[in-house]
1. Per DSSP helix of 4 or more residues, -39500 (n - 2.57); summed, then divided by the residues of the chain. What does that give at 222 nm, rounded to the nearest 500?
2. Out of the total accessible area of segment 110-257 (probe 1.4 Å, heavy atoms of protein only), what percent is carbon and sulfur?
3. Calculate, for the chain, the solvent-accessible area per residue in square angstrom, rolling a 1.4 angstrom probe over the heavy atoms of the protein chains.
4. With every protein chain present, what accessible area does residue 59 have (1.4 Å probe, heavy atoms only), rounded to the nearest 10 Å²?
5. Per residue, what volume in Å³ does the convex hull of the Cα atoms of segment 1-93 enclose?
6. One quarter of the convex hull surface, Cα atoms only: what value does that give for segment 79-182 in nm²?
7. Given contacts defined as C-alpha pairs under 8 Å and at least six residues apart, what's the relative contact order of the chain, whole-number percent?
8. Once Rh is set to the Kirkwood radius over Cα pairs, what Stokes-Einstein translational diffusion coefficient, in µm²/s, holds for segment 133-204 at a temperature of 10 °C and a viscosity of 1.306 mPa s?
Amino acid sequence: MRLKDKVAVITGASSGIGREAALLFAQEGAKIVAADVNDAEGEKTAAQINEANGKAVFVHADVSKSRDCENMIYTAEEIFGKLDILFNNAGIMHSEDDDAVSTEDDVWDLTMNVNLKGVFLGCKYGIPALRRAGGGSIINTASFVAIVGAATPQLAYTTSKGGVLAMTRELSVIHARENIRVNALCPGPLQTELLMKFLDTEEKKQRRLVHVPMGRFGKAKEMADAALFLASEESSYVTGTTFTVDGGLTAAYVTPE
Ligand code: NAD
């Protein structure tokens, strides 16, 4: 088992990457605090783990709220005794996120509060707990859009993910000698709810796939596998990286037919 006796807090654990990571980390021996705003689905994630003889609790946490983030970390230490892994994964993509001219202030603020401040707050309360445990691993979910620009704009989303990359690098340097590693996971376009609700026709899907050398969307499980590597001791010399898992998207200038 690659995470035997570890304790992990995973945000956005009611769906997509977060849920797959919770299930996978639990299979690998970790005790899971599944945090999300979607209580019904989050309870399902925890129940699925417990039914398979794993250990998990769900905690309601809006990552943009300081008190909720404090509580999710408290829950890990209170119920499971410590924190070893913090996966700051929750994120939103607003349907009215657009270019600089069209994006409303409230859309910008909401996106920044969840996607960027949420990572900050996770770290604000998580890092003291990781210190108390003698170190650990933080994984922050960014996106390929933080690396390459797109003409179909989602300016707030893209900017928030760029911030996640910058924050990750700085945190990795600050905490490198405390045995706390901090890495960013950069998924390509995925077959999860977040993206598929926008790419709702075959034509829209194919238009996006033109840019992916592998010619398919990624799966949440493939991101969970990458996060598992970053969470485990196998990545013990890896910190401050932009860990890109994107089917070759950011490497491509022209993709194969
Ligand atoms: P998803 O929509 O399936 O899951 C996101 C989860 O975050 C949901 O369970 C949702 O309830 C939760 N969430 C939303 N707001 C929250 C808040 N304020 N507090 C706590 N939880 C909240 O999406 P996903 O594809 O699994 O996305 C996970 C991460 O991956 C996000 O950060 C996303 O930006 C990033 N990402 C996704 C893609 C993609 O194509 N799907 C690509 C690159 C990066």
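1. Values: 9 runs with 107 residues, N = 257.
The helix-only estimate for the chain comes to -13000 deg cm²/dmol at 222 nm.
2. Working: 4080 of 7280 Å².
Of all accessible area on segment 110-257, carbon and sulfur atoms account for 56 percent.
3. Numbers: 12350 Å² over 257 residues.
That works out to 48 Å² per residue.
4. Spelled out: residue 59, probe radius 1.4 Å, area about 10 Å².
5. Values: hull volume 7.2 nm³, N = 93.
Cα-based convex hull of segment 1-93, divided per residue, equals 78 Å³.
6. Values: hull surface 28.6 nm².
Mean projected area for segment 79-182: 7.2 nm², to one decimal.
7. Working: 536 pairs, mean separation 47.4, N = 257.
Relative CO of the chain lands at 18 percent.
8. Numbers: Rh = 13.9 Å.
Result for D is 114 µm²/s.
The values are calculated or read from the model by the stated rules, or taken from the named source; none is laboratory data. The model shown is predicted, which means the values in this text are computed figures rather than measured ones. Just the protein is used for accessible areas: all its heavy atoms, side chains included, with ligands, DNA and RNA removed. Shrake-Rupley method; radii C 1.70, N 1.55, O 1.52, S 1.80 Å.
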